[in-house]
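Each remark here refers to the structure printed beneath this line.
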């Protein structure tokens, strides 16, 4: 079955939020609830600081990648433009789990943890539908984001990975990403990887699959 890679748009936000919840259960952002995730992906679709791509097959989204040129600024935009919609979901999450307060504070300091370099984009989320994994969709979306970063004038792509997510660690290392540092957040160890965009890959222009 063939799919095509197209630019991420506002109408893809709901599916992106669903893929995030399914692909990252138990993580902090997922724990804030579906309303928060939907608002986040709507904001990323509208923000000039973000861009991304989706894999579409027969008008159905089967994978997504999103990223930003400044993730800290994106979260500030989210609070300023959609904060009124997020008060109740976030408060409900805090009431159920008071430890969420500390995790919210840690999130505010996330940009200082990753220490992005000038000319660097950050890949925030990459996933495909569970029943479509192993078909090259993640690979195609990954390189679409890298090429999109290059076309926008950026020199490298960075991303953070939980070290306990062995599958993600292997995937990004196979793409040629370099480990730059490890850092702690939410009580877990994360790795910050970087890919210089001067590097080439045989698959970096693959925008269709079969």
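The values are calculated or read from the model by the stated rules, or taken from the named source; none is laboratory data. This structure is a prediction, so every number in the text was calculated from the model and none was measured. Please note: Cβ atoms are built from the backbone with ideal geometry, for glycine as well, and neighbour counts cover all protein chains shown.
Identify all residues within segment 58-76 that are in a helix (DSSP H, G or I) and either in contact (Cβ under 8 Å) with a residue 24 or more places away in the chain or over 21 Å from the mean Cα position of the chain (by Cα) (or both); write none if there are none. It would help to see each step written out before you state the result.
Initial filter on segment 58-76 (in a helix (DSSP H, G or I)): 71-76.
Within segment 58-76, 71, 72, 73, 74, 75 meet the criteria.
Out of 79, 90, which single residue is surrounded by fewer than 21 Cβ atoms within 10 Å (Cβ to Cβ), in a helix (DSSP H, G or I) and touching a residue at least 12 places away in the same chain (Cβ under 8 Å)? Let's see the steps before the verdict.
Details: 79 fails: touching a residue at least 12 places away in the same chain (Cβ under 8 Å).
Of the residues listed, the single one that is surrounded by fewer than 21 Cβ atoms within 10 Å (Cβ to Cβ), in a helix (DSSP H, G or I) and touching a residue at least 12 places away in the same chain (Cβ under 8 Å) is 90.
Checking residue 43 against (1) part of a helix (DSSP H, G or I); (2) more than 22 Å from residue 162 (Cα to Cα); (3) in contact with a helix residue (DSSP H, G or I) (Cβ under 7 Å, 6 or more places away or on another chain); (4) modelled with pLDDT of 95 or more, which test does it fail?
(4)
What tally of residues in segment 8-20 results from selecting those that are crowded, with 17+ Cβ neighbours inside 10 Å and free of Cβ contacts under 8 Å to residues at least 40 places away in the same chain?
3
Yes or no: segment 179-187 includes at least one residue that is out of contact with any strand residue (DSSP E or B) (no Cβ under 6 Å at 6 or more places or on another chain), surrounded by 13 or more Cβ atoms within 10 Å (Cβ to Cβ) and in a strand (DSSP E or B).
Yes, the conditions are met somewhere in segment 179-187.
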